[in-house]
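First up is the structure itself, then whatever we jot down about it.
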Amino acid sequence: MSVQASLWVYLGEYRIMDIVGVYLKQGMSVFDRDNRAYIVTSDDYDWEHLSITFDELKGIIEDKERRGSPVCISLYENGEPVTNLLKDTSDKLGIGIACDINRRTLDSGKWRRYTDVNYYIEKFVEPLEVDGFAVQGFEFRELR
C-alpha cells in the first residue's frame with residue numbers, strides 16, 4: 001500500500017535557503033552520495049539531478065524564488081534521501097516537508113504502520129524554532 005505523508009509548516013515570510021541552512025546545521029546535506037543536488041528545475045515540477053556547487057545551487061534557488069516559481073529541493077543524511085522541501089507559489093507563508101521518503105513509522109504490531117509524526121516534528125519543526133523562526137503552526141497529513 002502506498003502512503004503519502006506530509007508536514008506543512010507555517011512560518012510567515014522566509015527565504016528557502018535560510019530554511020535549508022537550519023537543516024545543514026543539523027547535519028543534513030543538499031547533495032546525494034554522488035554529490036548531486038536534486039531540485040525542481042521548471043514551473044511544471046520537473047525534477048533533475050544536477051552536478052553543481054553549493055553556490056550554483058543557491059543561485060538557482062534564489063533566482064526561482066525571486067521569480068515566484070515553485071522551489072523544491074531534496075535533503076540527505078549520509079547520502080540517503082530524508083525529505084523534499086517545497087515552497088509553493090500558492091502559499092508563500094508555508095513550507096512543505098515530505099514525510100514519505102524513507103518514511104519513519106511507529107510499529108503498532110498491527111498490519112498498518114503509521115507515520116511517526118513526533119519524529120518529523122522534532123526533526124523539522126523544532127530546529128526552525130530553535131534557530132529563531134516564528135513557527136505559527138503546522139499540519140500533518142497521511143493519505144493511504
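The values are calculated or read from the model by the stated rules, or taken from the named source; none is laboratory data. Computed from a predicted model, the values in this text were never measured in an experiment. Here Cβ is always computed from backbone atoms with ideal geometry, including for glycine, and neighbour counts include all displayed protein chains. Only protein heavy atoms, including side chains, enter the accessible area calculation; ligands, DNA and RNA are left aside. Shrake-Rupley method; radii C 1.70, N 1.55, O 1.52, S 1.80 Å.
Of all residues in segment 1-44, those being in contact (Cβ under 8 Å) with a residue 60 or more places away in the chain, within 17 Å of ALA98 (Cα to Cα) and of a type in the set (A, V, I, L, M) number 9. For segment 63-105, the set of residues classified as among the basic types (Lys, Arg) and buried (at least 20 other Cβ atoms within 10 Å of the Cβ) consists of LYS64, LYS87, listed by residue number.
With respect to LEU128, determine if the residue is touching a residue at least 40 places away in the same chain (Cβ under 8 Å) and open to solvent by 30 Å² or more (accessible area, probe 1.4 Å).
Criteria not met by LEU128.
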